[in-house]
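I have placed the structure first, in the form of structure tokens, so that the comments after it can refer back to it.
Please treat every number below as a calculation from the coordinates, not as lab data. Here the structure is a predicted model, which is why all the values come from computation and not from measurement. Glycine gets a Cβ as well: all are built from the backbone with ideal geometry, and neighbour counts include every protein chain shown.
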Amino acid sequence: MNNPDQEISDESLMILVQHGDENALGVLYNRYADRIYNFLNKKLYSSDENAEDALHDIFLKVIRSSGQFKVEKSFKTWIYSIANNHCKNLYSSIEVRKRYSENNRVELVSDENIISQIDRNDLEVAINTKIKMLSEAQQSLFHLRFTEDLAIKDIAKILDCPVGTVKSRLHYLVKEIATCMAAYNNKI
């Protein structure tokens, strides 16, 4: 038997949230909490505590801003925009920058050095290392496209930039990762 909560669209649930329906908010939370948490955890550099705090802040923002949600728009895009903007605000604070620099000191090395330091069976490690060396914006783009599997137009809305810019950034991002993989394959 189908769960009736799964048959109601996110946008319809938001209409109910706008009218104070806490159950509808609970359904949306159940649908999106894990995804948003994973997004935040990656953007906040694997800080579980920061990701949990941010997740709660984002759902509070969903409640407070429910009246601003336009039903003809995608709820998924809207909540990821809230999450992305929340992270931007956190990055602008000195405390987050301080924590990031203390917890994520990265020695800058070339792709060839990274590849030569790893075992041949650890291509995934090489790619993850390369991803961690990307800028915060590139990591966000990678996560939205390849982990969350969002459409380019949705990513453009979340990042508040033109579709062409997203396509261009994705092109260069994939090219960087492909270069890392090619260097790895040449070492085998």
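Observations on the structure shown:
- Sequence of Cys161, Cys180 once ranked by neighbouring C-beta atoms within 10 Å, starting from the fewest: Cys161, Cys180
- In this structure, the pairs whose alpha-carbon distance is over 21 Å, taken from Lys43/Lys76; Lys73/Lys157; Lys70/Lys157; Lys43/Lys70; Lys76/Lys175, are Lys43/Lys70; Lys76/Lys175.
- Summarised as an ellipsoid, the range 6-57 has semi-axes of 25, 11, 7 Å, derived from the eigenvalues of the Cα gyration tensor scaled by 5 and square-rooted, with the largest first.
- If R0 equals 22 Å, the separation of the Cβ atoms of Ile127 and Asn30 corresponds to a calculated FRET efficiency of about 0.10.
- Order of Arg35, Arg169, Arg64 under a 10 Å beta carbon neighbour criterion, fewest first: Arg64, Arg35, Arg169
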